[in-house]
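Trainee: One structure is given below, represented as structure tokens, and several questions about it will come after.
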Amino acid sequence: MEKGETIKRRRGWKTRWKRDYQIYLFLAPTLLYFLIYCYIPMGGIQIAFREFTPKLGIWKSPWVGLGQFARFFQSYQFKIIISNTLKISLMNLLLGFPMPVFLALLLNQLKYTKLKKVLQTATYAPHFISIPAVVGMLVIMLSPGGGMLYNLIDWFSGGKAGIPMGSAPGFSLIFVISEIWQHAGWDAIIYIATLTSVSPDLYEAAEIDGAGKIQKILYIDIPAILPTAVILLIMNSGRIMSVGFEKVLLMQNAMNIEASEIISTYVYKIGLIGMEFSYSAAIGLFNSLINFFLIVVVNQIAKKGANIKLF
Amino acid sequence: MKVKTLWIKGKRPSGTDLLFGIISVLLLLIVAYPLYFVLIASVSDPDLTYAGKVYFLPKKITFEGYRTILADPRTLVGYYNTVLYTAAGTALSVVLTLTSGFALSIREFFGKKWINIYVIFTMIFSGGLVPTYLLMKNLHAINTIWGVILPGAVGVWNLIVTRTFFEENISMELLESAQLDGCSYFKFFVHIVLPTSGVIVAVISLFYAVNQWNGFFNALIYLNDKNKFPLQLFLREILLQQEMMSMDPDLVNSVRHRANLVKYAMIVVASAPVLAAYPFAQRFFIKGVMIGAVKG
């Protein structure tokens, strides 16, 4: 490091440029990509403050200030959409978060190696199924004639199951359970990796002291994965307002819409189907700002509380 | 009795071990059963499936569902497009990610800090759906392959994984001494970095490829010509369209059941390639998650 710095100081910017210009060539395509696909759309956000018409374009449409936002806050959907978004994402966080931890603890202490391998492979697999396929499975398997799952639900509800996908009250639960089914295994990988780095000496020492499986989990494994779990929990709470857009969109139907309309799906419908570009951009911006704020706050908390910087 | 062969010889499992084993088997059944059910339902007599007679084994095996799908011209079109988008999108993404990941792994150069901020910022703030759509429209990318493969061509997470891999595996001392011998970054990248980075190329290629194969949203908003639809969009179409059909009370039951058979088969056809390849690629996916985890 020291050597590198003296070399750097001795060389002028011309020699450095001659050596380093290729670094920028390596970076150029990707930086250009981000400029076009991320930064130019950020400039397009201004249409949220205008009344956009395709004829006049982004730069010439008349300004309307905060009018689009006012319209959103005053619309009767505002409350419904915000509460749906919060309900689905909080439920997803609360129910979805512990499962990978549980799975990793189980796998780590599982003695039957073959079973362990099979269970790992099987729990990761659903992560690789596309959203249309998963939603398709939900739609058929949660309607009459959909097999064992539906029959179980029907049996437990005393023959009053109806069509769960077509009812508002069950929507968030179906969403969250299917998310857990799909991603818990995959999300457990990071915890499993942390657990494999626990020194075997610790377990041996614990065994000599007469600790059983449960004690080992309580006093060795859980403390070992706690830091990782805290980071992930913090990170996930930063993403609360951007929960599963694509999946929710596909799961929506006329019967569950009162529980399934979330900010991002509303933005999609208003903007790309209703063609109200400015109104939609305003709602989108409102959502992005909340996300941004949440992530920054969460990062600050992580930095202060755990001395961890996420970015 | 099967359990007996599963434990390591010589060590007798305790009660807790057995309990954990039972929980694991139960979890395994819960996770795997829905997938298994789709598979057996896709080859069983749809009337029997509907009547709840198909639980564990396929009954009255029929390939009618698959025949219907193969006879549907949309399937072939969808497969062709999906393969095209996956190949082109993955190639583009991998080239962009490898080159910029390598550059960002170089220990220090003018502006590195700002370039990092420039990249990371895109992760926490975005223009949103409508401004991005308007941009694509202005670029005339609607209804072209670019609409499908460009948005999301560089994943920041993949970029971080790649950068971290290079930081840990490519010796900067080697780079510095190669430079003293007059080796350029380009030569170094081509002759030293690439040949020793097979793992990371495999990891990010697989991540991008799976994403592209399974993706439907870009296609949904940027394509309206059905001849350009990827498989996932047809899957969605078949599922939704028949959903409406099955709500028609006048429809004969067996027609409705047959529609379900086609849906099961379609889910299998659309998911099979990735699921079949996944066990072989598993270690690369896990490797990717581990490299990414270092960065938290």
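Here, each number is a calculation from the coordinates, and none is a lab measurement. All figures in this text were calculated on a predicted structure; none of them were measured in a lab. For neighbour counting, all protein chains shown are included, and Cβ atoms are generated from backbone atoms with ideal geometry for every residue, glycine included.
Trainee: Would you mind working out the magnitude of the charge dipole of segment A:77-306 relative to its Cα centre, with +1 at each Lys and Arg C-beta and -1 at each Asp and Glu C-beta, to the nearest 20 Debye?
Mentor: Value, rounded to 20: 20 debye.
Trainee: A further question on this structure: Once label points are set 7 Å from the Cα along Cα→Cβ at both A:Ser157 and A:Ile80, what is their separation, rounded to one decimal in nm?
Mentor: About 2.1 nm, to one decimal.
Trainee: From a point 7 Å beyond the Cα of A:Val297 in the direction of its Cβ, which residues of segment A:234-251 have a backbone N at a distance under 15 Å?
Mentor: Label zone hits: A:234-242.
Trainee: Long-range amide H contacts for A:Arg50: which residues qualify at under 5 Å (H placed 1.01 Å from N, peptide plane, sequence gap of 5 or more or a different chain)?
Mentor: Sorted by chain and number, the residues that satisfy this are A:Val64.
Trainee: Sticking with this structure for a sec: Does anyone have the angle between helix B:15-41 and the longest principal axis of chain B? Alpha-carbon axes, 0 to 90°, nearest 10?
Mentor: 70
Trainee: As I understand it, the dipole of chain B uses +1 on the Cβ of Lys and Arg and -1 on the Cβ of Asp and Glu, about the Cα centre. Which of B:Ile145, B:Leu27, B:Val255 lies farthest toward its positive end?
Mentor: The listed residue farthest towards the positive side: B:Leu27.
Trainee: If I stretch the segment between B:Phe110 and B:Val95 completely, what's the gain in nm (0.36 nm per residue apart, minus their alpha carbon distance), one decimal?
Mentor: Full extension of this stretch gives 3.1 nm more.
Trainee: Still on this structure, I have one more. For every other residue with a beta carbon closer than 13 angstrom to the beta carbon of A:Gly147, add +1 if it is Lys or Arg and -1 if Asp or Glu, then tell me the sum.
Mentor: Combined, the nearby Lys, Arg, Asp and Glu give +2.
Trainee: How high is the relative contact order of segment B:73-296, given as a whole-number percent (alpha carbon pairs under 8 Å, six or more residues apart)?
Mentor: Over segment B:73-296, the number comes to 36 percent.
Trainee: Rounded, prolate or oblate: which fits segment A:157-311, taking a ≥ b ≥ c as square roots of the Cα gyration tensor eigenvalues, rounded meaning a/c under 1.5, else prolate when a/b beats b/c?
Mentor: oblate
Trainee: Given a Förster radius of 35 Å and the C-beta distance between B:Leu48 and B:Ala272 as r, what FRET efficiency does 1/(1 + (r/R0)^6) yield to the nearest 0.05?
Mentor: For B:Leu48 and B:Ala272, the calculated efficiency is 0.90.
Trainee: I'd like the mean, over residues of B:105-111, of how many other protein chain beta carbons sit within 10 Å of each residue's own Cβ.
Mentor: Mean shielding by partner chains, rounded to a whole number: 4.
Trainee: I'd like the FRET efficiency for B:Ser171 and B:Ile117, computed as 1/(1 + (r/R0)^6) with the beta carbon distance as r and R0 of 22 Å, rounded to 0.05.
Mentor: The computed FRET efficiency comes out at 0.25.
Trainee: Considering the alpha-carbon set of segment B:1-155 alone, what are its Rg and its Dmax in angstrom?
Mentor: Gyration radius and largest Cα-Cα distance of segment B:1-155: 25.9, 70 Å.
Trainee: So for segment A:77-306, averaging the separation of alpha carbon pairs under 8 Å that are six or more residues apart and normalising by length, what relative contact order in percent results?
Mentor: 30
Trainee: What number results when the radius of gyration of segment B:73-296, computed over Cα atoms, is divided by 2.2 N^0.38 Å?
Mentor: This ratio for segment B:73-296 stands at 1.26.
Trainee: Could you go through segment A:71-76 in sequence order and give the Karplus-derived ³J(HN,Hα) for each residue, using 6.51 cos²θ - 1.76 cosθ + 1.60 with θ = phi - 60°, rounded to whole Hz, and x for Gly and Pro?
Mentor: With the stated coefficients, segment A:71-76 comes to 4, 5, 5, 8, 6, 5 Hz.
Trainee: Using only Cα positions of the protein assembly as shown, each an equal point scatterer, no hydration layer, compute I(q)/I(0) via Debye at q = 0.07, 0.10, 0.13 Å⁻¹ and quote the log10 values to two decimals.
Mentor: With one equal scatterer per Cα and no solvent, log10 I(q)/I(0) is -0.51, -1.04, -1.60.
Trainee: Let me know the shape class of chain A, please: from the alpha-carbon gyration tensor, a ≥ b ≥ c as square roots of the eigenvalues, rounded when a/c is under 1.5, otherwise prolate if a/b is greater than b/c, or oblate.
Mentor: Cα axes put chain A in the oblate bin.
Trainee: Roughly how many Å is it from the Cα centre of segment B:29-66 to that of segment B:151-203, as a whole number?
Mentor: 48
Trainee: Given only helices, namely DSSP H runs of n ≥ 4 each adding -39500 (n - 2.57), what is the per-residue ellipticity at 222 nm of chain B, to the nearest 500 deg cm²/dmol?
Mentor: -23000 deg cm²/dmol
Trainee: By counting other Cβ atoms within 10 Å of each Cβ, how are B:Ser14, A:Ser89 ranked from fewest to most?
Mentor: Ranked by crowding around the Cβ, least crowded first: B:Ser14, A:Ser89.
Trainee: If the elastic network links every pair of Cα atoms under 10 Å, which of B:Asp225, B:Asp72, B:Asp181 fluctuates the most in the Gaussian network model of chain B?
Mentor: Comparing B:Asp225, B:Asp72, B:Asp181 in a Gaussian network model of chain B, the most mobile one is B:Asp181.
Trainee: Which ³J(HN,Hα) values in Hz, rounded to whole numbers, follow from the phi angles of segment A:150-155 under the Karplus curve 6.51 cos²θ - 1.76 cosθ + 1.60, where θ = phi - 60° and Gly and Pro get x?
Mentor: Values per residue, Gly and Pro as x: 5, 4, 5, 4, 4, 5 Hz.
Trainee: With a 10 Å cut-off between alpha carbons and a GNM built on chain A, which of A:Met241, A:Met99, A:Met275 moves the most?
Mentor: A:Met275
Trainee: Among A:His183, B:His191, which comes first, then next, by fewest other beta-carbon atoms within 10 Å?
Mentor: B:His191, A:His183
Trainee: Which of A:Pro29, A:Pro200, A:Pro62 ends up with the largest GNM mean-square fluctuation for chain A, with Cα atoms connected below 10 Å?
Mentor: Maximum fluctuation in the GNM of chain A, among the listed residues, is at A:Pro29.
Trainee: Which of the pairs A:Lys116/A:Lys213; A:Lys111/A:Lys216; A:Lys117/B:Lys287; A:Lys87/A:Lys304; A:Lys247/B:Lys137 have their Cα atoms more than 18 Å apart in this structure?
Mentor: Beyond 18 Å between Cα atoms: A:Lys87/A:Lys304; A:Lys247/B:Lys137.
Trainee: Which whole-Hz couplings ³J(HN,Hα) result when phi for each residue of segment A:264-271 is put into the Karplus expression 6.51 cos²θ - 1.76 cosθ + 1.60, θ = phi - 60°, listed in order with x for Gly and Pro?
Mentor: 5, 6, 5, 4, 4, 5, 4, x
Trainee: Evaluate E = 1/(1 + (r/R0)^6) for A:Asp209 and B:Lys137, where r is the Cβ-Cβ distance and R0 equals 51 Å; express this FRET efficiency to the nearest 0.05.
Mentor: 0.15
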